[in-house]
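Asker: Attaching a single structure in structure tokens format; questions to follow.
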Amino acid sequence: MTSSSGASRRQVLAVAAAAATAPLLAGAPAEAKPKPKQPKTWDLTVLGTSDTHGNVYNWDYYKDAEFDDSKHNDVGVAKLATLVNQIRAERRGRATLVLDAGDTIQGTPLATYYAKQEPITSTGETHPMANAMNVLRYDAVTLGNHEFNYGLPLLATWIRQLGFPALAANAINEKTGKPAFLPYVIKEVRLGGHGAPKLRVGILGLTNPGVAIWDKANVEGRLVFADMVATAAKWVPVMRRRGADVVIISAHGGDSGTSSYGPELPNENPTALIAEQVPGIDAILFGHAHNEVPEKFVTNLKTGKAVLTSEPSKWGQRLTRMDFTLTRSKGCWKVVDSAATTLNTNTVVEDPAVLAAVRGQHAKTVDYVNRVVAQSSVELSAAASRYQDTPILDFINHVQTEVVTAALAGGAYADLPVLSIAAPFSRTAVFPQGDVRIRDVAGLYVYDNTLEAVVLTGAEVKAYLEYSAKYFVTVPVGAPVDPEAISDPAVPDYNYDVFSGVDYDIDISKPVGQRITRLVLAGTDTPVAADAQFGVAVNNYRRSGGGNFPGIVKTQVYNAQQEIRQLLIDWAQAKGVIDPADFFVPNWKLVREGVPVF
């Protein structure tokens, strides 16, 4: 019985086993294998601004009206703050950082007022850009070249007023050889709620080497500015060794790879070169060029990794948003995906907290710029100043000539004829007939330049004019001339200079370098001799090498550190009347084969 029962049990089991395998033997599909477990991902968002240039309110101080342009852009930190707060709310509980790539405390009458009229170094008042940015709660800001415009004491005061670090790894103390400012920070953020892992984000700040030229008077003998690529190559490995899981660079330099000055200084716009040449970088927020670059990937030549870059236009018109997806394995973080875009601030209202923080300073600035300084006998417009000799540009040259002539009187250069150089900074500047206010003068001369003078020979004047004339495109004789398309888009208006004190023609039908076809002493037919000498009034930006004009970088014969805008205001106030009859002397024109274009 026992033997029979055991055999029977084995038969049953065998039949069951056969039944279980029968579908497989018949070719039926096998049960699907479980999918490999996907690694868990986390996300990080980095928001970026740049080149806010003293804009807090969405306000045009030169027009005394809400800001508007042909594309209906808006401006200001208050607009940026609204977008930032929306994204922070959307991402509540997840990591979001906010960075700025520089050029913050210069560019509007608001910023100028608290640097010149009531400087924060004297009053102890908090700078309006510190007030606004502290409300927005930035994580770090990079110093731009314009941060150095008002001198190192004011810059140091502003930095102390910030509730977050200011970075500039390549600004070096000339005496010690060490960084003059904080090179980088490593921010530890939690990627989610309580108990979520932490991520260490390294942020390296790079300022522009052009400061050594553009603000030479403020930094010479005190600061030197190292190459941005070499500086990144130095500090990125340091940040990685010190625990940075992700590295982001905030760089005040464009991505064109070119410079507005000569080769004697490191590259002005090296962002793409940094991404290409320096391994270990995940993303670069950049500025300086005032372009909108929503998303651009640059392949690192050493690692093959795609580095994310983005530039958020200017003045607070755009906000960059960078999004990163990360995984973690054996305690090491890896960025597995990244993307960027730019958001338009004209889609939101201004943040009331930012407006409130700067309201009194904004109101004081509006009151100041609306003060009447003189009466204009006629309307004077700068609209055509790029291609026609206009009274409003002669106003600048006349004042500069008067100041330099008076300063040179009685000295070694008293007998030299004084010429003057000015550029058409603004196409929209107007002195209305009747009341001329400070904002009208500031709208004509929008930069905080000071007046200097050098001695140039006749040959140097001609070479300078030839270089300036490259501003124009070549228009053959007989071809139609469109004033709106007459200039080379690669040359900004501020890099086209006109002279007073000599008479000259620019032939736009001829090649660059051969366009000054007539250059004579003022009011005569006498050609300017190559060895003639002139005192030349020029702004500090140009004299120190800005724009790379030939022959102008030399020892000054006059430099009283007087701001040109204020000299214009003082002249107008002293005269009481702005009348072209007092200063307009037509002395240059565009021609083709001697025939005037306009």
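Asker: Output the residues belonging to segment 529-555 that are over 23 Å from the mean Cα position of the chain (by Cα), in contact (Cβ under 8 Å) with a residue 12 or more places away in the chain and open to solvent by 60 Å² or more (accessible area, probe 1.4 Å).
Answerer: Passing the criteria: Ala530, Asp531, Gln533, Thr555.
Asker: Residue under question is Thr207, and the condition is that it be crowded, with 17+ Cβ neighbours inside 10 Å, among the hydroxyl-bearing types (Ser, Thr, Tyr), in contact with a Ser or Thr (Cβ under 7 Å, 6 or more places away or on another chain) and under 30 Å from Ala560 (Cβ atoms); does it hold?
Answerer: So Thr207 fits the description; yes.
Asker: A follow-up question, please. One residue is enough: does segment 158-166 have a residue meeting the conditions farther than 19 Å from Asp282 by Cα, open to solvent by 10 Å² or more (accessible area, probe 1.4 Å), part of a loop (DSSP other than H, G, I, E, B) and basic (Lys, Arg)?
Answerer: no
Asker: Just for strands (runs of 3 or more DSSP E) wholly inside segment 374-458: which have at least 2 residues that are over 23 Å from Gly547 (Cα atoms) and either touching a helix residue (DSSP H, G or I) at 6+ places or on another chain (Cβ under 8 Å) or in contact (Cβ under 8 Å) with a residue 24 or more places away in the chain (or both)?
Answerer: The strands (runs of 3 or more DSSP E) meeting that bar are 434-437.
Asker: Another question, if that's okay. Of everything in segment 500-528, what is crowded, with 18+ Cβ neighbours inside 10 Å and among the aliphatic types (A, V, I, L, M)? Give them in sequence order.
Answerer: Val502, Ile506, Ile508, Ile516, Leu519, Val528
Asker: Looking only at residues in segment 321-337 that are modelled with pLDDT of 95 or more and either within 22 Å of Ala289 (Cβ to Cβ) or of a type in the set (A, V, I, L, M, F, W, C) (or both), which one is surrounded by the fewest Cβ atoms within 10 Å (Cβ to Cβ)?
Answerer: Among them, the one singled out is Val336.
Asker: Show me the strands (runs of 3 or more DSSP E) entirely contained within segment 248-320 in which 3 or more residues are modelled with pLDDT of 95 or more and within 21 Å of Trp235 (Cβ to Cβ).
Answerer: 283-286, 306-312
Asker: Also: Against the condition in contact with an Asp or Glu (Cβ under 8 Å, 6 or more places away or on another chain), surrounded by 16 or more Cβ atoms within 10 Å (Cβ to Cβ) and touching a residue at least 12 places away in the same chain (Cβ under 8 Å), how does Lys79 come out, does it pass?
Answerer: Yes, satisfied.
Asker: What number of residues within segment 43-62 are over 14 Å from Gln317 (Cβ atoms) and either among the acidic types (Asp, Glu) or out of contact with any Gly (no Cβ under 8 Å at 6 or more places or on another chain) (or both)?
Answerer: Matching residues across segment 43-62 total 6.
The values are calculated or read from the model by the stated rules, or taken from the named source; none is laboratory data. If you're wondering where the values come from, they're calculated on a predicted model, not measured in any experiment. Quick reminder, even Gly has a Cβ in these numbers, built from the backbone with ideal geometry, and neighbours come from all protein chains shown. Note: accessible area is taken over every heavy atom of the protein model, side chains too, but ligands, DNA and RNA are not part of it. Shrake-Rupley method; radii C 1.70, N 1.55, O 1.52, S 1.80 Å.
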